[in-house]
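The values are calculated or read from the model by the stated rules, or taken from the named source; none is laboratory data. Here the structure is a predicted model, which is why all the values come from computation and not from measurement. With ideal geometry, Cβ positions are generated from the backbone for all residues, glycine too; neighbour counts draw on all protein chains shown. Protein only, heavy atoms only, side chains kept; ligands, DNA and RNA dropped before computing areas. Shrake-Rupley method; radii C 1.70, N 1.55, O 1.52, S 1.80 Å.
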Amino acid sequence: ITLYSMLANHGQLSALRYQMQQPPSSTTRLLSEASSFMVLDMLQQNQRPNDAAASVHASVHVAWKTGTSWGFRDAWTVGVLGPYALAVWVGNFDGSSNPAFVGVQAAAPLFFRIVDALQTRESLHELQFNPPRTVKQVEVCTASGDLPNAACPQKSSTWFIPGVSPIKVSDVHRQVMIDIRTGKMACPPYDMKHTRAEIFEYWPSELAQSFAQAGMPRRQPPINQCNHGAFANDDQAPRITSPLTTVTYTLRVHDASQSIPLSCNLAGDSHQVFWFADSSYVGTGAAGVALAWIPPHSGHFKVRAVDDLGRTDNRELDVEYVQ
């Protein structure tokens with residue numbers, strides 16, 4: 001609750017006071033006023049749980065978040081409304097778990113009953129999260145949060161800090177010409193009698209996996225069977241996640257179970273990655289799947305990942321075999 005109070009206090013952290021007569025403590029700035037406002041604005045977008053009073057106090061601005069601990073040991077909801085920072089915790093004092101301890105189900109309803117009670121007792125309408133002068137609004141592509149490209153199907157407005165917030169043109173949505181006879185990607189020159197334009201989402205492999213794990217899989221973009229060079233984009237090159245760069249890996253001699261995992265993230269339009277150690281081919285892998293590599297000897301190696309569109313990334317490392 002101290003951190004939520006910090007957000008409401010424009011990014012300045014101070015110790016909690018439990019009585020009004022206590023003198024205020026010194027403050028420490030943790031976030032800028034602009035950053036604090038943007039976090040509160042995002043938290044304010046959370047819709048309150050469905051209950052009978054949801055529409056009665058819709059004008060009350062509440063920035064809130066729920067939480068459920070691992071193993072259902074407790075549930076909580078914390079938020080800011082008007083001059084108040086409010087926290088609700090639900091759990092057993094002995095730390096035992098209960099499958100009913102889910103933040104949005106166990107703690108949030110009580111949290112909003114307190115919110116409504118405060119609103120009944122005093123007016124909170126005028127106490128809103130006002131944007132500081134250092135933030136501006138910009139139109140972005142809703143799916144990616146980046147500036148919309150020509151293929152972006154849905155746009156929305158968001159806050160950003162000029163000169164501070166990273167922002168670029170979105171490359172998630174791309175128009176692809178599809179051969180209606182085969183359902184596959186058409187290659188130029190296009191026969192417009194047998195092709196149609198479709199918009200596909202090209203997510204990096206780690207995000208595509210996260211969507212799938214969350215039960216929200218995205219439609220797989222078509223495999224590029226055309227001239228790879230015409231479609232290659234260096235900005236979408238593979239990003240090696242293992243091995244680590246400028247690290248010495250120590251392996252035991254004659255231990256076949258020891259290896260160095262080779263893995264990388266791929267752009268949405270790539271489906272395979274080819275691994276090389278110096279000039280030697282190691283093997284072929286897929287996005288997010290590690291390929292085991294057993295170095296042939298101790299020494300310095302340059303590991304290279306090349307995707308099926310010819311884009312590359314590389315890492316340098318040292319390998320030392322010990323008895």
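Figures for the structure shown
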item: Failed criterion for Met42 (all others in (1) surrounded by fewer than 19 Cβ atoms within 10 Å (Cβ to Cβ); (2) closer than 24 Å to Arg133 by Cβ; (3) in contact with a helix residue (DSSP H, G or I) (Cβ under 6 Å, 6 or more places away or on another chain) hold); result: (3)
item: Candidate set from the stretch 307-323 (those that are modelled with pLDDT of 90 or more and hydrophobic (A, V, I, L, M, F, W, C)); member that is nearest to the chain's Cα centre (by Cα); result: Leu317
item: Enumeration of residues in the stretch 144-162 that are open to solvent by 50 Å² or more (accessible area, probe 1.4 Å) and in contact (Cβ under 8 Å) with a residue 40 or more places away in the chain; result: Pro153, Trp159
item: Positions within the stretch 245-266 being assigned to a loop (DSSP other than H, G, I, E, B) and at pLDDT 90 or above, in sequence order; result: Ser259
item: Only listed residue being open to solvent by 50 Å² or more (accessible area, probe 1.4 Å), among the aliphatic types (A, V, I, L, M) and in contact (Cβ under 8 Å) with a residue 12 or more places away in the chain, chosen from Ala34, Ala8, Ala15; result: Ala15
item: Residues located in the stretch 91-116, provided they are more than 21 Å from Ala63 (Cβ to Cβ) and in contact with a Ser or Thr (Cβ under 7 Å, 6 or more places away or on another chain); result: Phe101
item: Residue in the stretch 116-133 that is open to solvent by 60 Å² or more (accessible area, probe 1.4 Å), outside any loop (DSSP other than H, G, I, E, B) and either in contact with a Gly (Cβ under 9 Å, 6 or more places away or on another chain) or at pLDDT 90 or above (or both) present; result: no
item: Scope the stretch 63-88; condition among the polar types (S, T, N, Q) and in contact with a helix residue (DSSP H, G or I) (Cβ under 6 Å, 6 or more places away or on another chain); matching residues; result: Thr66, Thr68, Thr77
item: Which listed residue is farther than 18 Å from Ala106 by Cβ and charged (D, E, K, R), from Arg17, Arg48, Arg73; result: Arg17
item: Of residues in the stretch 134-143 being in a strand (DSSP E or B) and not β-branched (Val, Ile, Thr), the one surrounded by the most Cβ atoms within 10 Å (Cβ to Cβ); result: Cys141
item: Per-region count, the stretch 46-80, residues part of a loop (DSSP other than H, G, I, E, B), modelled with pLDDT of 90 or more and of a type in the set (A, V, I, L, M); result: 0
item: Residue tally, condition outside any helix (DSSP H, G or I), among the small types (Gly, Ala, Ser) and crowded, with 18+ Cβ neighbours inside 10 Å, over the stretch 172-229; result: 1
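This table checks each residue for (1) open to solvent by 60 Å² or more (accessible area, probe 1.4 Å); (2) within 22 Å of Arg17 (Cβ to Cβ); (3) at pLDDT below 95; (4) among the polar types (S, T, N, Q).
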residue: Gly82; (1), (2), (3), (4): no, yes, yes, no
residue: Trp89; (1), (2), (3), (4): yes, yes, no, no
residue: Phe93; (1), (2), (3), (4): yes, no, yes, no
residue: Pro109; (1), (2), (3), (4): no, no, yes, no
residue: Phe112; (1), (2), (3), (4): no, no, yes, no
